[in-house]
1. Tell me which residues, restricted to the stretch 228-265, are closer than 14 Å to Leu280 by Cβ and among the polar types (S, T, N, Q).
2. Can you go through Pro105, Pro86 and tell me which one is open to solvent by 10 Å² or more (accessible area, probe 1.4 Å), farther than 30 Å from Pro420 by Cα and out of contact with any helix residue (DSSP H, G or I) (no Cβ under 9 Å at 6 or more places or on another chain)?
3. For the stretch 158-201, how many residues meet the condition of being closer than 30 Å to Leu235 by Cβ and among the acidic types (Asp, Glu)?
4. May I ask you to list pairs of residues, at least six apart or on different chains, whose Cβ atoms are under 8 Å apart, with the first in the stretch 270-291 being farther than 24 Å from Arg212 by Cβ and the second being in a loop (DSSP other than H, G, I, E, B) and small (Gly, Ala, Ser)?
5. Condition (residue is over 23 Å from the mean Cα position of the chain (by Cα), part of a loop (DSSP other than H, G, I, E, B) and either without any contact (Cβ under 8 Å) to a residue 40 or more places away in the chain or crowded, with 17+ Cβ neighbours inside 10 Å (or both)) applied to the stretch 163-180: is it met by at least one residue?
6. On the basis of being outside any helix (DSSP H, G or I), without any contact (Cβ under 8 Å) to a residue 24 or more places away in the chain and open to solvent by 50 Å² or more (accessible area, probe 1.4 Å), does Pro388 make the cut?
7. Just give me the residues in the stretch 330-350 being out of contact with any strand residue (DSSP E or B) (no Cβ under 8 Å at 6 or more places or on another chain), more than 26 Å from Trp68 (Cβ to Cβ), in a loop (DSSP other than H, G, I, E, B) and of a type outside the set (S, T, N, Q), in sequence order.
8. Tally the residues that are closer than 14 Å to Ile238 by Cα and among the aliphatic types (A, V, I, L, M), restricting the search to the stretch 416-448.
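The values are calculated or read from the model by the stated rules, or taken from the named source; none is laboratory data. Worth saying up front: this structure is predicted, and the values here are computed from it rather than measured. Backbone-built Cβ (ideal geometry, glycine too); neighbour counts: all protein chains shown. Only protein heavy atoms, including side chains, enter the accessible area calculation; ligands, DNA and RNA are left aside. Shrake-Rupley method; radii C 1.70, N 1.55, O 1.52, S 1.80 Å.
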Amino acid sequence: MTLLTSLPPPGSYRVTGTGHRPSAYAVSELANASVAAVGLAMADLIAALNLAARAPEVTVDQRLASLWFGASFHPDGWEMPALWDPIAGDYPCADGWIRLHTNLPHHRAAALSVLGCAEDREAVAAEVAHWGGDPLEQAVIAAGGVAAALRSRADWQTHPQGEAVAEEPLVDWIKPRRVVLRDRPEASLSRPLQGMRVLDLTRVLAGPVSTRTLAGFGADVLRIDPPGWDEPGVLQEISLGKYMAQLNLRSALDRERLKDLLAQADVLVHGYRPGALEALGLDLATRDAIAPNRIEVTLNAYGWTGPWAGRRGFDSLVQMSAGIAHAGQDWARSDRPTPLPVQALDHGTGYLMAAAVLSALAAAARGEEVAVARLSLARMAETLVALPKDLGGVQIHTADAADLGPHEDSGWGPARRLSPPLSLEGCAMCWRWPASPSGTYAPRWDAA
């Protein structure tokens, strides 16, 4: 197979712009390479679909790529909601540090039930101080919550999950099969994904980054959330260009509606842990029967093998587990965990997921077999750790006015969005719809 397996090497794409994110690791190098992976996969798809005489040159703006790894959405005259729940964060424990992730109400309730204290940060800190990191991590997870004790790189490399992830490929292609792409006469060099239907079953943050990227090249992205879903401070960032809809998948009727949507989809992107889709009656064999010609890409937090393959996780937690926050603490000469300056595992994985979709589409267009692509935040962490740091210049922290594009009339208020970080000859990223809250659109392909 000629499917995507790694980040592209420097020199395979053109770079403009300067600067870097200050970090213990090569964050801006990862931003360049992961954004470029999308561009090179898109150039290959354009050639495979005969939308141009040759594959177009790919250009990445280094400054903008680094900024898109942070926040692309900038409110105009109003304040964004807080990104983190008041209880979420790093706490000293009896033998080190632990991070509690409590942004979702049921995750917060799980942590508080284990600690047996009030919903108050000082009360939580007092209780955490009596626990060892590993026992508390295990207790919170057993209660249905999410947490991660701080580990060093050496600890992670000898941990059973760290060892398992190190053996996994960056992009794991499984179950190859023949796929016949639906005709899309509206596709063009300027909008190569025009008319393509992408069913988005992802949450914070990597999966939504991938589908936002596909929307930037013309894809119709329909995202399905549970009723009443919100991600304060995040939906503004990742709902750009998408039809944001809701279904109650505990309802048999809505599960059937989801199957109808899948049957009409060209691409399925999801972030369900192993076994979760099976519980909804959508195991791989069923998905193959419903949508035999779909492209499918999925992600997991802690990898696809090993004892933690089914564990819930987020970028900030994987950084704690995999030794990144520990290395950052040494680099910053700090007395507490020091994460990356941005959620680089999420963003890097998200762009690589989008590139995997494009790579699979190109393979199918050439008549080659296509497989389901599996990626994980933990495996991206290993890629980042191994990536050489070679960028210098001014440090990049926040966007300037010159980095921003035109006004965006979002569903929360006026804003400006960063200019796109990626361009191809004859093909520039742009989005038809502004960011909007979950439930803005009906759950159907003609939602507009």
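1. Across the stretch 228-265, the qualifying residues are Asn248, Ser251.
2. Working: Pro86 fails: out of contact with any helix residue (DSSP H, G or I) (no Cβ under 9 Å at 6 or more places or on another chain).
Sole residue among the options that is open to solvent by 10 Å² or more (accessible area, probe 1.4 Å), farther than 30 Å from Pro420 by Cα and out of contact with any helix residue (DSSP H, G or I) (no Cβ under 9 Å at 6 or more places or on another chain): Pro105.
3. Residues meeting the conditions: 3.
4. Sorted first by the residue in the stretch 270-291, then by its partner, the pairs are Pro274/Ala309; Pro274/Gly310; Gly275/Gly310.
5. Checking the stretch 163-180: at least one residue is over 23 Å from the mean Cα position of the chain (by Cα), part of a loop (DSSP other than H, G, I, E, B) and either without any contact (Cβ under 8 Å) to a residue 40 or more places away in the chain or crowded, with 17+ Cβ neighbours inside 10 Å (or both).
6. Details: outside any helix (DSSP H, G or I): yes; without any contact (Cβ under 8 Å) to a residue 24 or more places away in the chain: no; open to solvent by 50 Å² or more (accessible area, probe 1.4 Å): yes.
Spelling it out, it is not the case that Pro388 is outside any helix (DSSP H, G or I), without any contact (Cβ under 8 Å) to a residue 24 or more places away in the chain and open to solvent by 50 Å² or more (accessible area, probe 1.4 Å).
7. Residues of the stretch 330-350 out of contact with any strand residue (DSSP E or B) (no Cβ under 8 Å at 6 or more places or on another chain): 330-335, 338-348, 350.
Pick out the ones that are also more than 26 Å from Trp68 (Cβ to Cβ) and you get 330, 333-335.
Filter once more, so that each one left must be in a loop (DSSP other than H, G, I, E, B): 333-335.
Within the stretch 330-350, Arg333, Asp335 qualify.
8. 2
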